[in-house]
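So the structure is just underneath, and the comments pick up after that.
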Amino acid sequence: MVAAAAALRRWSIPLLSCAVPAGFAVWAFPEGLAPVRAAGIITGWLGCGLLLVSLLLMLREPRLAAWLGGLERMYRWHHATGLAAYLFLLLHPLLLAANNLSSPRVAWQTLSPFTESWPVWSGWLGLLLLMGGLVTTFIRRIRYGTWRWLHALLGLGVLTGLVHLILLGIDEPVLPILAVAAGILGWRLIRGDLGLAARPYVVTSALPLAARSIEVVLRPLGDPAMVTPGQFVLVEFGNGDRYRGCGEFHPFTVSTIAGQDELHLAVKALGDCTTRMQAIEPGVAARVIGGFGGFVDPHGRAPQFWVAGGIGVTPFVALLNAGPLLHPTRLLYLYHCEADAAFLPELRATAAADPKFTLHAVETGDGVPDLGPLLPPAGELSGAECYLCGPPGLVAALKSALAARGVTAQHVHYENFEFR
Ligand SMILES: Cc1cc2nc3c(=O)[nH]c(=O)nc-3n(C[C@H](O)[C@H](O)[C@H](O)COP(=O)(O)OP(=O)(O)OC[C@H]3O[C@@H](n4cnc5c(N)ncnc54)[C@H](O)[C@@H]3O)c2cc1C
């Protein structure tokens, strides 16, 4: 049963990403056309199928995320399938034009958006919208809020692409696909962004935890969210007497679940909204969606090596708070300066009390740390499961450093404290 659930988590997204586009391609396979024209049509349908999968993977539903191996994994595949879809959709008009290469004028007419044909116009518009939505994902300087609006162009691009098919006279099975795509987009907007899936909570305490960090305690006002220690939730804080909420959901790891299903969250000021959250006060209403993720396996049999970058320590604190460790565990905790390091006294106390837990706390200053001397030698890492949590740059550097010590990817698990 456990093995079947693990296989489902592992293979469901790759299978979906192959089966949906392949199903479309088989259904639409054109008989008796020139091979290049047939390839042009097939690439269009492959792109369409991949886009539908990409849309599904942006839903923020805890149960769906659990089946598909977690929200972080869904987002990685959302990006990969979105990019692959775009490349297929770009090939689609190029191959259709290439089919007419013997007459450059006809080839250009196939491609040109100036032929004043609505099907061609809508096809190009769909592609441009998709490109706009995709490109913004790779420009890290764009503010998250602005990026989200620009990323919504992708959704418009999908709908415009489907209108392109209807204008071409292909309404079977385009209308059902259009309905599914619109349904997924609406579902995400209403349940995820507007918060219909959220549970009501209230802030009962907000106390300083370290420099630029507070610990917020939330009490449920109805049925609590289904969360286990180490998972993260999406939280939107409302307005208080002196606090003004940002009006958007942000991911935070639950560091403790106390009596009456109270959730403890550590919030570090890493940007505009989290800086504003430092002023949260008791009585502020909150909405919570989740829980998601939980990338550390508390029941695994192997020794564990944990690495935390800054506030990325929260999933590990959650596991230590949840109960005694079952296996030898070493935590390498990297932080800029000691005043900044949340939970450091608690971690030191646990290390002093629990022989299974070793803490290696390192003040890195503002520069990028040299990971070489900080990681255990290859011999000590062999047979261990490695869990990494922190900013994406640190996680990427750690993955390379561990690979250089012979740790294979299947023993490295990570959670980036950022998603777009
Ligand atoms: C799985 C996960 C768990 C996290 N757990 C914690 C935690 O326990 N404690 C903690 O202090 N921080 C945690 N973070 C980080 C925290 O969510 C970000 O610091 C916060 O969202 C930044 O918002 P901002 O507006 O202050 O910063 P900005 O400068 O606007 O954003 C900085 C980056 O944070 C990400 N981000 C911003 N807004 C959102 C949003 N609404 N939804 C998703 N990502 C967003 C974007 O990648 C952005 O580039 C976690 C992040 C993730 C992904």
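Taking THR146, THR204, THR274 as the candidate residues, the one with maximal mean-square fluctuation in a Gaussian network model of the chain, Cα springs under 10 Å, is THR146. Taking only C-alpha pairs under 8 Å that are 6+ residues apart, what is the relative contact order of the range 2-193 in percent? The value is 20 percent. The order of the peptides 227-234, 281-288 by mean Cβ neighbours within 10 Å, most packed first, is 227-234, 281-288. Taking the 1.4 Å solvent-accessible surface of the chain as the whole, the part contributed by carbon and sulfur is 65%. Within the listed set GLY123, GLY32, GLY240, the residue fluctuating most in the Gaussian network model of the chain (springs between alpha-carbon atoms under 10 angstrom) is GLY32. Within the chain, CYS18, CYS48, CYS337, CYS386, CYS389 have no other Cys Cβ under 4.7 Å of their Cβ and so lack a disulfide-compatible partner by this rule. Rounded to the nearest 10 degrees, the angle from helix 118-138 to the longest Cα principal axis of the chain is 20 degrees.
Relative to the longest principal axis of the C-alpha atoms of the chain, give the angle of the C-alpha long axis of helix 2-28, reported between 0 and 90° and rounded to the nearest 10°. Taking the Cα atoms of the chain, the angle to 2-28 is about 20 degrees. Protection proxy ranking, highest mean first, for peptides 369-378, 150-159, 390-399: 150-159, 390-399, 369-378, where packing is the per-residue count of other beta-carbon atoms within 10 Å, averaged. Rg ratio for the chain: its Cα radius of gyration over 2.2 N^0.38 Å, N being its residue count, equals 1.13.
Relative to the dominant Cα principal axis of the chain, helix 71-98 is inclined by about 20°. Once you reduce the range 73-131 and the range 3-17 to the center of their Cα atoms, the two points are 31 Å from each other.
Ellipticity at 222 nm from helices only: DSSP H runs of n ≥ 4 in the chain, each -39500 (n - 2.57), divided by the residue count, give -15000 deg cm²/dmol. Histogrammed with a bin width of 10 Å, the alpha carbon distances of the range 1-126 distribute as 13, 34, 27, 16, 8, 2, 0 percent, first bin at zero.
Couplings 3J(HN,Hα) of the range 195-206, computed from phi: x, 5, 7, 7, 9, x, 9, 9, 6, 9, 7, 8 Hz, in residue order, whole Hz [Karplus 6.51 cos²θ - 1.76 cosθ + 1.60, θ = phi - 60°; x for Gly and Pro]. Using C-alpha pairs below 8 Å separated by at least 6 residues, the relative contact order for the chain is 11 percent. Within the listed set LEU128, LEU57, LEU71, the Gaussian network model of the chain (springs between alpha-carbon atoms below 10 Å) gives the highest mean-square fluctuation for LEU128. A simple charge model with +1 on the Cβ of Lys and Arg, -1 on the Cβ of Asp and Glu and nothing else charged puts the dipole of the range 225-365 at about 240 debye relative to its Cα centre. Per residue, the accessible area of the range 207-323 comes to 41 Å², computed with a 1.4 Å probe over protein heavy atoms only.
The values are calculated or read from the model by the stated rules, or taken from the named source; none is laboratory data. Since the structure is predicted, the reported quantities are computational estimates derived from the model, not experimental observations. Cβ sites come from the backbone with ideal geometry, for glycine too, and all protein chains shown count toward neighbours. Protein only, heavy atoms only, side chains kept; ligands, DNA and RNA dropped before computing areas. Shrake-Rupley method; radii C 1.70, N 1.55, O 1.52, S 1.80 Å.
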